[in-house]
Number of protein chains: 2
Amino acid sequence: MIKNYLHDNKVWVDTYLADVLEDSLPEYQTLYDAMHYSLLLGGKRIRPILTKAVMEALGVSADAYKNVVCAIELVHTYSLIHDDLPAMDDDDYRRGQLTNHKKFGEAMAILAGDGLLTEAFSLIGRPSAADASQQIACIKVLADAAGPAGMVGGQAMDISSEGKALPLEELQVLHRGKTGALFSAAVTIGLLLSRADEATTKAFQTYADYLGLLFQITDDILDVVGTIEELGKTPGSDERLDKSTYTSLLGLDGARAKAQETAEAAKAALVDTKADITVLTALVDYLISRTN
Amino acid sequence: MIKNYLHDNKVWVDTYLADVLEDSLPEYQTLYDAMHYSLLLGGKRIRPILTKAVMEALGVSADAYKNVVCAIELVHTYSLIHDDLPAMDDDDYRRGQLTNHKKFGEAMAILAGDGLLTEAFSLIGRPSAADASQQIACIKVLADAAGPAGMVGGQAMDISSEGKALPLEELQVLHRGKTGALFSAAVTIGLLLSRADEATTKAFQTYADYLGLLFQITDDILDVVGTIEELGKTPGSDERLDKSTYTSLLGLDGARAKAQETAEAAKAALVDTKADITVLTALVDYLISRTN
């Protein structure tokens, strides 16, 4: 059952994250509180779970690499804090709770994001079963996914294009940066930690590309058909911000068809590998099932 | 002549930084422009020059390690962009030019800072003469200096303490995070790249602690006695923001005495090493000379 798998592994991630921020100087307590608040606000932990699932598909346990696997979630959390800022999407709620800047003020929220982003790289540098070459390869992959050619670039394009109708091609570039890059990094880090061969790497990275796209399309659909309980925020936010989405460009039915087609392509990418693809395939079906 | 040394090495750093941001997708051009703008706005490049000088003092050329050495300046530049934001110090000018958010808007400035911070870690991961162990050690040092226990922590304390009179002890904690941590990292990265022995490392790190403190004290003095040309910004900004400084706590003469004493301690730390300490000693004298 994929729901049990997701639940158990969310606990695995949450347990590690609860203690990951080390003791601070008393003078810096507010900053640590702000970082901790957003890091433990909940969330599905889909990215580190994806890394762990990739490793397991290749017969490697993630237990001795928790620091590297969970570093991805620090980067994801930082990006949510900064995306929610008044100068960006100006959101008051995230996962049903006040956003970081509503709770700690704008300056502290900027710094909490900066702190989580920086700490992610330090975390990968902590001792683990990963050797120095694996650590540096994972840092390079994560930094490139998070940086100007990835998430930061995608977000820059997003804020520049509010109120403009983007053609589908540009929307895909935007999402490849904003969402796809970190999904892709999560899979690649799993491959690096598993020392996967070239053919497996290629197949899994194709899977990652489709999975990231699928995640974005289903997210856009959920913003239209989801409830406030499912989303943890008010639905319809894309429309209010006049953002181009897969549903605004393709219509709801068109977006659903595109999601189905993308899901098939993701699964097809894995068929010829020697890996145990049960969980990775179930993840695809799970993303589709959320929109029905 | 230390001034020639600083000039020549500023050119060495600037030349590398001019090309360090790789080609971007056309959609992300504004973000790259914003990153490039602040990275090439000038500045003394004192931190990477310090790393290079440490290596030279130990008989190692920095030429094959430019990416690692200059990554420090990306972190410094990111911190200036975020410190200048309206929610932080709200500065309109930096080095005599518009601050990033005045030129590119607040959202883009936040992202340009995020991009430079992230790119710093990717940069260290690029191929160079550093092996994987050195790369990961340098990333760990840089991330810890930049992160919540270092610069981000110091800045959080700084914004929380505006309008409050800090006792000297807390002011030192604040500055050890905000300024000292990156000075210390610059020296430690030079030591790591030079594979310095333990005794040398200890002596140089003591030097780094005093040098960072000296930099901050002389900066506070310059904010009182400097001209707008020397500072690239309006003097007296600390007083306007009602910030605790060495001059507000010790008076101008007291701060000058403290600077002199700190300079002597920095130089004394190096005396018993086998390194060529000419440039590192001259750097101390140079910092003092700026306040006379």
Original post:
chain A: longest stretch without exposed trypsin sites (Lys or Arg not before Pro) (DSSP loop, at most 16 other Cβ within 10 Å), sites themselves excluded?
Top reply: A:196-273
Subject >> Shielding by partners - mean other protein chain Cβ count within 10 Å, residues of B:163-174 >> reply: 1
Original post:
Using θ = phi - 60° and the Karplus curve 6.51 cos²θ - 1.76 cosθ + 1.60, what whole-Hz ³J(HN,Hα) does each residue of the range A:4-16 get, with Gly and Pro shown as x?
Top reply: 5, 4, 5, 5, 4, 7, 4, 4, 4, 5, 4, 4, 5
Subject >> Buried accessible area, chains B and A (both chains, 1.4 Å probe, Å² to nearest 100) >> reply: 3900 Å²
Original post:
Per residue of the protein assembly as shown, what 222 nm ellipticity follows from adding -39500 (n - 2.57) for every DSSP H run with n ≥ 4, rounded to the nearest 500?
Top reply: -22000 deg cm²/dmol
Original post:
What is the mean number of Cβ atoms from other protein chains located within 10 Å of the Cβ atom of each residue in peptide A:71-84, rounded to a whole number?
Top reply: 1
Original post:
Label-to-label distances across copies for A:Lys103, with labels 7 Å out along Cα→Cβ, in nm, shortest first?
Top reply: 3.6
Subject >> Net charge, A:Ala34 excluded, C-beta distance under 13 Å - Lys, Arg +1, Asp, Glu -1 >> reply: -3
**OP:** Would you mind classifying the range B:110-189 by shape? Square roots of the alpha carbon gyration tensor eigenvalues, ordered a ≥ b ≥ c; an a/c under 1.5 is rounded, otherwise it is prolate if a/b is larger than b/c and oblate if not.
**Re:** oblate
Subject >> For A:Asp19, label point 7 Å along C-beta direction: distances to other copies, nm >> reply: 4.9
**OP:** Take the Cα coordinates of the protein assembly as shown, assign each an equal point scatterer, and use the Debye formula without solvent to give log10 I(q)/I(0) at q = 0.05, 0.06, 0.07, 0.12 Å⁻¹.
**Re:** -0.22, -0.31, -0.42, -1.18
Subject >> Ascending list, in nanometres, of distances separating the B:Asp285 label from those of the other copies (7 Å, Cα toward Cβ) >> reply: 7.7
Original post:
If you place +1 on the Cβ of every Lys and Arg and -1 on the Cβ of every Asp and Glu, how big does the dipole about the Cα centre of the range B:86-138 come out, in debye to the nearest 20?
Top reply: 220 debye
**OP:** Distance check, please: which entries in B:Lys178/B:Lys243; B:Lys140/B:Lys274; B:Lys102/B:Lys178; B:Lys164/B:Lys258; B:Lys3/B:Lys52; A:Lys202/A:Lys274 exceed 19 angstrom between their Cα atoms?
**Re:** B:Lys140/B:Lys274; B:Lys102/B:Lys178; B:Lys164/B:Lys258
**OP:** Report the FRET efficiency, 1/(1 + (r/R0)^6), for A:Ala268 and B:Asp33, where r is their Cβ-Cβ distance and R0 is 41 Å, rounded to 0.05.
**Re:** 0.55
Original post:
With a sphere of radius 14 Å drawn around the Cβ of B:Tyr5, what net charge do the other residues whose Cβ falls strictly inside it have (Lys, Arg +1; Asp, Glu -1)?
Top reply: +1
Subject >> Rounded percent of accessible protein surface that carbon and sulfur make up, the protein assembly as shown, 1.4 Å probe >> reply: 50 percent
Original post:
Which value, in nm² and rounded to one decimal, describes the direction-averaged projected area of the C-alpha convex hull of chain B?
Top reply: 14.3 nm²
**OP:** Could I have the simple spin-label model distance between A:Leu252 and A:Ala129, label points 7 Å from Cα toward Cβ, reported in nm to one decimal?
**Re:** 4.7 nm
**OP:** Along Cα→Cβ, 7 Å out, is where each label goes; now give me the distance between the ones at A:Asp8 and A:Lys164 in nm to one decimal.
**Re:** 4.8 nm
Subject >> Selection from A:Ala132, B:Thr118, B:Gly43, by position along the positive dipole direction of the protein assembly as shown (Cβ) >> reply: A:Ala132
Original post:
What whole-number value in Å² describes the accessible area per residue of the protein assembly as shown for a 1.4 Å probe?
Top reply: 39 Å²
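The values are calculated or read from the model by the stated rules, or taken from the named source; none is laboratory data. Being a predicted model, the structure only gives us computed values, none of them experimental. As a convention, Cβ positions derive from the backbone with ideal geometry for all residues, glycine included, and neighbour counts pool all protein chains shown. The accessibility values were calculated without ligands, DNA or RNA, using every heavy atom of the protein model including side chains. Shrake-Rupley method; radii C 1.70, N 1.55, O 1.52, S 1.80 Å.
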